[in-house]
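In what follows, a structure is listed as structure tokens, so that the remarks can point back to it.
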Amino acid sequence: MAPDVIIVGAGPAGIFATLELLDRGVGKVLILEKGFPLEKRRCFLRETGRCRQCEPCNLLSGWGGAGAFSDGKLTLSPYVGGFLGDLVGRERLESLIKEVDRRFMEFGAPSKVYGQPGDAMEALARKSVQAGLRLVPVPVRPMGTHRCSQVLDALFRHLTGRVEVIFNREVEAIRLVNGYKEVVTSSGEAYRAPFLLLAPGREGNRWLRDQLEPLGVGFETNPVDVGVRVEVPAEVMEEVTSVAYEAKLLFNAPTFDDEVRTFCMCPHGEVVMEYRSGLYTVNGHSHGKESTTYTNFALLVRTAFTEPFDSPVAYGEYLARLANLLVGTVIVQRLGDLRMGRRSTPERIKRGLIEPTLAEAVPGDLSFALPYRYLVDILEMLEAMDRVMPGVNSRHTLLYGIEVKFYSLRPQMSESLETPVPGLFVAGDGAGVSRGLIQAAASGVLAARAVLERLKTSTL
Ligand SMILES: Cc1cc2nc3c(=O)[nH]c(=O)nc-3n(C[C@H](O)[C@H](O)[C@H](O)COP(=O)(O)OP(=O)(O)OC[C@H]3O[C@@H](n4cnc5c(N)ncnc54)[C@H](O)[C@@H]3O)c2cc1C
């Protein structure tokens with residue numbers, strides 16, 4: 001039987017859209033996912049440190065999407081993790097976040113939330129201001145990698161048999177046929193439905209553009225975030241991470257007047273490599289079960305380029321490629337070596353206090369890869385942070401580079417995430433509306449509700 005709705009992508013956006021549709025009585029949903037079911041997703045980079053460049057990438061693709069092996073930090077604030085608030089307003093987003101969070105809990109997310117308002121947060125905020133930093137309060141519900149997989153598995157079991165999920169099916173093309181949306185897979189099958197929701201994640205953003213532009217949908221250019229991942233002994237950050245788990249700190253760097261921010265703090269975690277479009281970049285994880293004695297976080301500088309330059313993604317990729325060119329993978333450098341203008345060597349790293357958790361990173365010199373502006377911004381931020389967390393600016397601190405966060409180009413859409421093509425919806429990171437699990441899931445719910453409204457009057 002032909003489906004009412006086809007969903008491309010089984011990340012949080014696609015999964016939560018499906019849940020919403022089923023809850024409200026739409027039974028004919030087809031999910032097409034180019035990756036594999038959770039139990040078949042095997043990432044060699046995570047397991048052995050050697051990326052086998054699988055196609056599709058098992059770290060990013062398959063049931064649960066890019067977040068399946070993450071430490072599953074649910075950030076419960078409308079100010080971080082996406083831009084849905086720009087479309088629907090902060091209050092509506094807050095209520096959506098609450099709903100989605102409740103659902104994550106129904107499927108097994110733990111009850112503890114860090115970073116709630118209270119004396120400890122206020123004291124931290126005061127100390128931050130005195131150091132020239134702004135602490136953005138962000139309640140975080142960390143699931144941990146293990147629990148995150150369990151939650152995704154529970155969601156899969158809940159949906160199995162109620163919707164059709166076809167794995168290992170990459171959607172290549174989209175066509176409009178008499179009001180229907182037809183998708184054609186790489187193996188040549190075609191499926192049609194009156195409603196189509198595209199939720200292909202960040203790495204699917206280019207594909208999304210290739211599909212939507214010929215249909216007359218315009219796109220907005222977004223900024224790019226460039227920086228490094230910082231690794232310190234966990235004790236250095238304990239005062240902050242025990243209260244806020246993930247402290248969002250903002251800093252106005254004096255020399256270039258740029259905003260630098262902390263991102264994705266991973267207490268007792270490890271630094272990991274990411275492989276995307278032929279490039280190695282860095283990221284971080286906190287494991288719920290196996291913890292390390294280190295904490296890592298990213299320091300990022302956002303750049304919104306102005307005319308005539310309009311290729312922020314190409315720029316970010318170029319910088320990452322430069323770091324890869326120097327050492328074949330990602331660079332690790334001691335802060336002390338960077339300040340002294342010399343490369344880190346394996347011997348120098350060994351003499352340091354921190355044993356890199358990303359063993360595959362090669363000691364080198366970040367100043368050959370990162371533009372002066374970003375280096376200065378980052379060094380200034382570390383100095384300020386040291387006043388709140390003494391030890392962050394130590395010469396032993398490790399910097400891994402480079403970390404790049406691309407913002408997906410955002411297609412034209414309404415506040416219910418419908419593109420100018422009637423019945424064609426977009427959601428999640430790939431559509432540039434989210435940058436985290438919660439807002440990705442919330443965007444799926446939002447799109448599903450709009451589809452439900454439209455189904456009531458559809459004549460197809
Ligand atoms: C290492 C890592 C750690 C992270 N940690 C956190 C965290 O702690 N907290 C947090 O909030 N966020 C985290 N994130 C971000 C979070 O995972 C994403 O924001 C979220 O997964 C986006 O959801 P999505 O549904 O939009 O896209 P995705 O999760 O990327 O899912 C998109 C899916 O679509 C599929 N797809 C793409 N194109 C096609 C196609 N043409 N045909 C068929 N299928 C297709 C992909 O295979 C993929 O499975 C992390 C991300 C990474 C990579």
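Restricting attention to region 433-460, which residues are surrounded by fewer than 24 Cβ atoms within 10 Å (Cβ to Cβ) and within 16 Å of the ligand (Cβ to nearest atom)?
If the condition is that a residue be surrounded by fewer than 24 Cβ atoms within 10 Å (Cβ to Cβ) and within 16 Å of the ligand (Cβ to nearest atom), then R435, G436, V445 are the ones that fit.
Considering only region 407-460, state which residues are within 15 Å of I15 (Cβ to Cβ) and among the small types (G, A, S).
Listed by number, the residues that qualify are A427, G428, G430, S434, G436, A440, A441, A442, S443, G444, A447, A448.
crowded, with 20+ Cβ neighbours inside 10 Å, aliphatic (A, V, I, L, M), more than 30 Å from L358 (Cα to Cα) and in contact with a helix residue (DSSP H, G or I) (Cβ under 6 Å, 6 or more places away or on another chain): does that describe A199?
Yes.
Could you look through region 204-251, keep only residues that are among the β-branched types (V, I, T) and modelled with pLDDT under 90, and pick out the one that is farthest from M265 (Cα to Cα)?
My answer is T221.
Just give me the residues in region 294-336 being among the aliphatic types (A, V, I, L, M), in contact (Cβ under 8 Å) with a residue 40 or more places away in the chain and over 13 Å from D365 (Cα atoms), in sequence order.
A298, L299, L300, V301, A304, V313, L319, A320
Within region 99-127, take every residue that is surrounded by fewer than 13 Cβ atoms within 10 Å (Cβ to Cβ) and part of a loop (DSSP other than H, G, I, E, B) and give me the one that is nearest to the ligand (Cβ to nearest atom).
K112
Between L455, L460, which is part of a loop (DSSP other than H, G, I, E, B) and at pLDDT below 95?
Unique residue meeting the criteria: L460.
Which numbered condition trips up Q130, out of (1) over 30 Å from E360 (Cα atoms); (2) touching a residue at least 60 places away in the same chain (Cβ under 8 Å); (3) buried (at least 17 other Cβ atoms within 10 Å of the Cβ)?
For Q130, the failing item is (3).
Which one of T357, T397 is within 16 Å of the ligand (Cβ to nearest atom), touching a residue at least 24 places away in the same chain (Cβ under 8 Å), closer than 27 Å to L135 by Cβ and not aliphatic (A, V, I, L, M)?
T357
Do the conditions hold for S344, that is, is it among the hydroxyl-bearing types (S, T, Y) and on the phi > 0 side of the Ramachandran plot?
So S344 fails the test.
Considering region 48-90 alone, what residues qualify as being of a type in the set (D, E, K, R), within 13 Å of the ligand (Cβ to nearest atom) and over 22 Å from G278 (Cβ atoms)?
Across region 48-90, the qualifying residues are D71, K73.
The values are calculated or read from the model by the stated rules, or taken from the named source; none is laboratory data. This is a predicted model, so every value here is computed, not measured. Note: ideal-geometry Cβ built from the backbone for every residue, glycine included; neighbour counts use all protein chains shown.
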